[in-house]
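What follows draws every value from the coordinates through simple rules; no lab data is involved. Values in this document were obtained by computation on a predicted structure and should not be read as measured data. Reconstructed Cβ throughout: ideal geometry from the backbone, glycine too, with neighbour counts over all protein chains shown.
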Amino acid sequence: MKFSGQTDGIVPKGRCLLVKFVSLVVSLFVAGQVLAANPPVTLHLKDVSVAELLRQIESQGQYTFAYNNADIDLTRVVSVDAEAWPVERVITTCIPNVQVLVERNKVILTPVRSAGAQQPHKISGKVSETTGAPIVGATVIYKDGSTVKGTTSSVNGEFAFEELTPSDQATLEVSFIGYDTYRMPVGSRTFFDVKLATSQQSIDEVVVVGYGVQKKANLTGAVATVSQKELKDRPVANVGRALQGVIPNLNVTLSSGQPGAGASYNIRGTTSPNGGSPLILIDGVETYPERINSNDIESITVLKDASSAAIYGARGAFGVILITTKSGRYNEKAEVSYNGYFSVSSPTTSTDYETRGYYSAKIADFFMMSSQNTPYTSYTESDYRALWERRNDRTENPARPWVITDTRNGRKQYVYLANFDWYNYLYDDSRPTWDHNINIRGGTKSLSYMVSGRYYQQKGINRLAPDMFKSYNFRVKLQAEIRPWLTISSNTKFFQSNYRYYGYEDEYNNFRKPTLHALASFVPVNPDGTAVSHTSMTNSSSHYIMDGYNAMMQKGKSFGNKKTQEITTTFEATFKLHKNFNVKADFSYTQGYLHNDYRSVNVEYSQYPGVIQTEPEGNFPNSYKEVVWDQNYYVADVYGTYNKSFGGKHNFTAIVGYNYEAKYYRDLTAANDGLLSEDLSDFNLAKGTTNFTLNGGRNEYAIMGWFYRVAYDYKGKYLAEVNGRYDGTSRFPRGKRYGFFPSFSLAYRISEEPFFEPLRKTIDNLKIRFSYGSLGNQQIGYYDFIQTITTKGSMSGYSFDGVTLGQHATVSDPVSGDQTWEKVISKNLGVDLNLFSNRLSLTADFYIRDTKGILGKGRSLPSIYGASEPQVNANDLRTKGYELSLGWRDSFKLAGSTFSYGIVGTLSDYTARYTSCDNPSGLISDPYEGKRYGEIWGYKVDGLFRTDEEAADYASQIDLSTVMAGCYSATGTYGKGVRAGDIKYLDLDGNHIVNGGKGTLEDSGDRRVIGNSTPRYQYGATFNFSWYGFDFSIFFQGLGHMDWYPGADNLRFWGPYSRPYATFIPRNFMSQVWSEDNPDAYFPRARAYTSLSSTQGTAYYTNDRYLQNLAYCRLKNLTIGYTIPRQLTSKVGIKECRIYFSGENLVTWTALKSDFLDPEQAAADSDKKSNVYPWCQTFSVGLNLTF
């Protein structure tokens, strides 16, 4: 399909793209015949020691040195005047009798041997911790040219190689998980006493950034990282759950507790009403984080400001998340690791609901009588006596049956007198979960590989017909050095999942319907085994148990499957075309496939003994539906990197590249009814003729951009970087598609100044950063600039042939056709501080982000316009915030073993205001200048009326009919009129009427800003330690403040105040309801529909009494592990064996005034009804094995 403007240089033909890409790769391959030398060195030094010479070369960032101190005279004084010399020449000029071997930017120095022939001999050694404790299972690699040999350390930490004749190039490398790698030239040594130091966070560590890597010390933008070590102890379903609260201002929101549900991500708060999700790249390809195996992750980098994200242009306007997966290892034998766990769950909220039928029915009747003077149930006084007699029967007593038959209204019917626990009948909170992972990686001298697989299974919460989620992950990564100047690699990922569930097609109704009409006095099944749905025990035929949900689940034939499959493969070639220049070219293809099917069948129930009835076809049709969706996503990148150092002081890096992306979507929906079988789901069996549905469509978009990054530093002290991208997108009309978005950043490492020398023993690094940049946001619909025509429609009551209704076409609302980029301008000021040998670290950032030209409806137009307002670039929004991260890591010897520990705390906050708007009327429902994003307007309340006299006197002076209509419409004796226990709304404007005025800034009536829905003060805190094989970590995560007003139909909060027939009523609920004996209660006088209806309610309108604060502090994770001593495991060929216990969401402290709502669950549901899959706390037992 070709869409408007496709020939505007944005979406070339797929074949042309492939031909061009292949041609480019071939051209680069030919050009690569010029072998690339190692990066040159420029130095101008006089009368310095050899040690200083080597330090100066390392400071240029191109090389690191490995040598034996006994083999090199580090005190020797030398001078050198080198301009772009090979590093070998520099070393041999200054250091006599030394052999130089350069291997992957590692320079190995060994003494020149005598010419005599060398006899084969043994090389041995011992590997231990700095405390002297032996390390068992450490990998020991001997390398000498093409000769590579490997072994592992024994139970005593010892290793040996027999019959070796090392040359001057021979090196020894020792590595083990959790320790710094040891590398040393062999030289003439025959024994190595290897001491491995525990890995510590260092400012010299390498951080993944856009299209490359940088030393942490040289970063100038706002960048945060998380390593695999910080995630490995979290047995969670997906990476989103593990990241929550770990990185300041990376805001992770879980939308549901459903198995397999993903998370949504936000960086630095309020972005744009049109969407402000960060770009998420996994090994350079955009995808969903929940579709990768979290055990494959090596590191996660978050680019927060415009400077660091500018190189990604249109897609990185609101930050970028870079996830890098593990790779193979050159020159290492295969390492096999297994990670698996089993977990069970329980609710994060109370489930202590009323299960006594007497009280459940009485509450429903009481609330209904108060408002409508009619009880909800049809229970007689005799029935209530029978319920009272049974009130303490936890199980049915044969002498007091829960279901009897009686003749009423001339017909025999069921009478229900139960004490039924509906919650535990419907739900199984244990949710058992199995997770199995395996990883194999290693390599030869020129090939590295990594293969991983995962199987994950979780049983859902439903007990009657359990829902089940299963997923599979598979990944293969290969990298090969074909020539010294050419490296190629491939990275293939496969994901597949299936979620099978029973009930309604959508999650909302599956958790909404069970909350209705199922009083504890009712039961799900009649004595003859038939399902209960409609009942004669309510006074309205429209009030029946769970609106039929129970009967549907009893039958168990209405179900759905949600299947997702994705395969991504990436091919990359790296060409070292010059001693300072290399080029990378990659091509990625993703094929995504989704197939959802849903089967519904007719549902039967029995209201009267011996009579089977069927629910209306409209509610439970005999139908079948399939939805098929697929996507094809293409990404091509070509970019070159140039590095150059001048005089040992000036370091320069430049990256220039081209990026092209295209995504093609296709969807198809088919549905029909009248199936001939309830057990087979096939359209060939569907004979319906009136409800047949066949819909579908195609969408596509493309992005093209040229990007660059230029970085410069002087002695690692003064750093500057400029980034930019010239971007084009197909989502805007011609003439509006392209934009240029530049940025720059500066940093000053004060700690590198000579005057800072006295403080260097304490302060390792002190850096100040500043960045400024602009980016474009194009996250709108694919074709919002085009007016559409819909041809499917029938004319009501009109026919051309007297048989069928006439067909017609409709035109969509007018569009402006002038949409263009939302421009995002970001300013950031940051400080990085490392003290006490990098044990204490502090990172602080303060930022301002302006989103200009936000796409939205223009000024409100009068109704005579006849359509919605066109979308234009109308508003500007400014977000301000800060983020702090403070950590301490250290280790010391305790009782003969190393005790390592760490403490990390994070805090972030932000607010946003509109700075420019097109709202001349000042409507408070629309953006207006100065409006804080998330403002909640509502009424002020002065508690509850204490007496009827106080209420009557106030109501005689103040018109409360708007906000307390339920007092005036009630017909029940208890609820009629403004009474004691009713809400006292304040007349703030003094006009003796409490209402919202005209809804403008000039006349907002009695409404004021009473809160804000922006989440404030998000924090996390971690403490961990390891000692004698034991490891422990505890992680707290929370939110400082977030205002939320419960939805009118939120039964989990309002209970019978919303609907008197709510199923799940807290057992202690009536203790919170106002009465003459309970005048200080939280909730007002009892009336049905108080919160639900503007015509029957008294709490329907937002007010500050029932405004909730969703602040919480959660014990997010606690993990205790033990690694069995290697002296024992190595005897059976196991390098490492660790068992652990882990708990997620263990304890929650919250300001929310309900024990039956999780604060995250409340915030997740956009309509504020909280009808989403519930959250859970999880207890896991796991095993890690490495061979």
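Each of Ile1134, Ile282 was scored by other Cβ atoms within 10 Å of its Cβ. Arranged with the fewest first, they read Ile1134, Ile282.
A viscosity of 0.692 mPa s and a temperature of 37 °C, combined with the Kirkwood radius over C-alpha pairs in the Stokes-Einstein formula, give the stretch 41-111 a diffusion coefficient of 272 µm²/s. Dividing the mean sequence gap of close Cα pairs (under 8 Å, 6+ apart) by how many residues the stretch 41-111 holds gives a relative contact order of 40 percent.
Extension gain, Lys106 to Glu163: 0.36 nm times the residue separation minus the Cα-Cα distance gives 17.9 nm. Each peptide in 898-908, 263-273 receives the mean, over its residues, of other Cβ atoms within 10 Å, and ordering these scores from highest gives 263-273, 898-908. Projected over all directions and averaged, the alpha-carbon convex hull of the stretch 400-465 occupies 7.7 nm².
Taking each residue as 0.36 nm, the span from Tyr718 to Tyr608 lengthens on full extension beyond its C-alpha to C-alpha distance by 31.0 nm.
The alpha carbons of the stretch 121-196 stretch over 32, 20, 17 Å along the principal axes, in descending order. Each peptide in 545-557, 840-852, 800-812 gets a packing score, the mean of other Cβ atoms within 10 Å over its residues, and the list from highest to lowest is 545-557, 840-852, 800-812. Under a Cβ-Cβ cut-off of 11 Å, what is the net charge of the residues other than Leu719 that fall near it, where Lys and Arg count +1 and Asp and Glu count -1? With Lys, Arg at +1 and Asp, Glu at -1, the neighbours total +3.
Considering the chain, its Cα convex hull presents a mean projected area of 55.8 nm².
As a proxy for reagent exposure, ranking Asp918, Asp305 by other Cβ atoms within 10 Å from fewest up yields Asp918, Asp305. Computed extension length for Thr762-Asp1077: 106.8 nm, one decimal, from 0.36 nm per residue of separation with the Cα-Cα distance subtracted. What relative contact order, as a whole-number percentage, does the stretch 447-586 give when Cα pairs under 8 Å and 6 or more residues apart are counted? Taking the mean separation of contacting Cα pairs over the length of the stretch 447-586, I get 25 percent.
For the stretch 912-967, trypsin sites (Lys or Arg not before Pro) are listed when DSSP marks them as loop and at most 10 other Cβ atoms sit within 10 Å of their Cβ; the list is empty.
As an exercise, use a Förster radius of 30 Å and the Cβ-Cβ distance of Asp948 and Asn1068 to find the FRET efficiency, rounded to the nearest 0.05. About 0.65, to the nearest 0.05. Taken as entire DSSP H runs, the helices of the chain that both span 18 Å or more between Cα atoms along their own long axis and average 1.6 or more on the Kyte-Doolittle scale are 14-31.
Legend: calculated FRET efficiency, Tyr589 to His1041, from the Cβ-Cβ distance at R0 = 41 Å, rounded to 0.05, equals 0.35. Contact order for the stretch 121-196, expressed relative to its length and based on alpha carbon pairs under 8 Å spaced 6+ residues apart, stands at 38 percent. For the chain, the residue among Met964, Val155, Ile567 whose Cα projects farthest onto the positive side of the dipole built from Cβ charges is Val155. Taken over the Cα atoms of the stretch 540-697, the convex hull encloses 205 Å³ per residue.
Think of the chain as having a plus end and a minus end, set by charges on the Cβ of Lys, Arg, Asp and Glu; of Ser600, Tyr664, Val112, Val112 sits farthest toward the positive end of this dipole. FRET efficiency for the Thr804 to Asn619 pair, using the beta carbon distance and R₀ = 35 Å, is estimated at 0.80.
Across all directions, the average flat footprint of the convex hull enclosing the Cα atoms of the stretch 670-725 is 9.4 nm². For the stretch 1042-1071, list residues with backbone N below 12 Å from a point placed 7 Å from the Cα of Ser540 toward its Cβ? Only 1059-1062 pass the distance filter. Length, then width, then depth: along the principal axes, the Cα atoms of the stretch 386-528 run 95, 27, 22 Å. Label positions at Asn392 and Ile750, each projected 7 Å from the Cα along the C-beta direction, are separated by 7.4 nm. What shape does the stretch 206-334 take by its C-alpha gyration tensor, where a ≥ b ≥ c are the square roots of the eigenvalues and a/c under 1.5 counts as rounded, a/b above b/c as prolate, and the rest as oblate? Cα axes put the stretch 206-334 in the oblate bin.
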